[in-house]
Amino acid sequence: MNKIKAVIFDLDGTLANTLPLCIQAFRQSVEPLINRSISDADIIATFGPSEEGTIMALAPNHYDKGVADYLHYYEQLHDMCPIPFDGIKEILQVLKDKGVHIAMVTGKGKYSTDISLRHFKLTHFFETIETGSPKGARKAEGIQIILDRLTNINNDEVIYVGDAPSDITASRQVGVPVIAAGWADTAEPEKLQELKPDEMFYTIKDFENWLLGKI
């Protein structure tokens, strides 16, 4: 792998353990609208589109209120995930100090992404942020938009860092090396390994040590 000039990060499960927060906010916003309980599996099965797509799938007759309530609870409950994973802020600072471009491509909607980055005090690190769409997954498209903005940088000088199998397939679609983040409790390392990412790390420290040798 060539010297790395740009790093594109996922958010949920990569920068922070936000998945339990997402699930709880969906549960509190959707269950009162549809008058029944929903399981974690029901919620996770709708992932791919942004939160707006999840609300459309779970409570289509209450879309506007569902989205508004979700964002309300997502912010209200954010103390469930008050800080990013240990070591993430330090990695971002090192990249910034060394002049490496930092971007984000997440499946989250714009508003919840803004809420989390504000809570984590990470907003200023990211030059460009591409968020999700209610209509479906758009990570490959988002990564390609970032690549198009990174003039004079080749695809093999960029890495995408994400915790989901879909992150690996999206990166492959646009020809970018992909680093599998296996450090979250919610990660499924076996599924990630099956897709043969370029590198896989189970701790942020191991990722940092590898990264320092590449920038």
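Could you check, for the stretch 25-47, whether at least one of its residues is among the aliphatic types (A, V, I, L, M), touching a residue at least 40 places away in the same chain (Cβ under 8 Å) and in contact with a strand residue (DSSP E or B) (Cβ under 9 Å, 6 or more places away or on another chain)? Within the stretch 25-47, none of the residues are among the aliphatic types (A, V, I, L, M), touching a residue at least 40 places away in the same chain (Cβ under 8 Å) and in contact with a strand residue (DSSP E or B) (Cβ under 9 Å, 6 or more places away or on another chain). Taken over the stretch 40-51, residues that are within 16 Å of residue 110 (Cα to Cα) and more than 16 Å from the chain's Cα centre (by Cα) amount to 0. Of the residues making up the stretch 118-126, not a single one is assigned to a helix (DSSP H, G or I), more than 19 Å from residue 11 (Cα to Cα) and modelled with pLDDT of 95 or more. In the condition set (1) under 18 Å from residue 6 (Cβ atoms); (2) among the β-branched types (Val, Ile, Thr); (3) not assigned by TED's automatic domain parsing to the domain that holds residue 149, residue 94 is compliant with all but (3).
The values are calculated or read from the model by the stated rules, or taken from the named source; none is laboratory data. Since the structure is predicted, the reported quantities are computational estimates derived from the model, not experimental observations. Note that we place each Cβ from the backbone using ideal geometry, even for glycine, and neighbour counts take in every protein chain shown.
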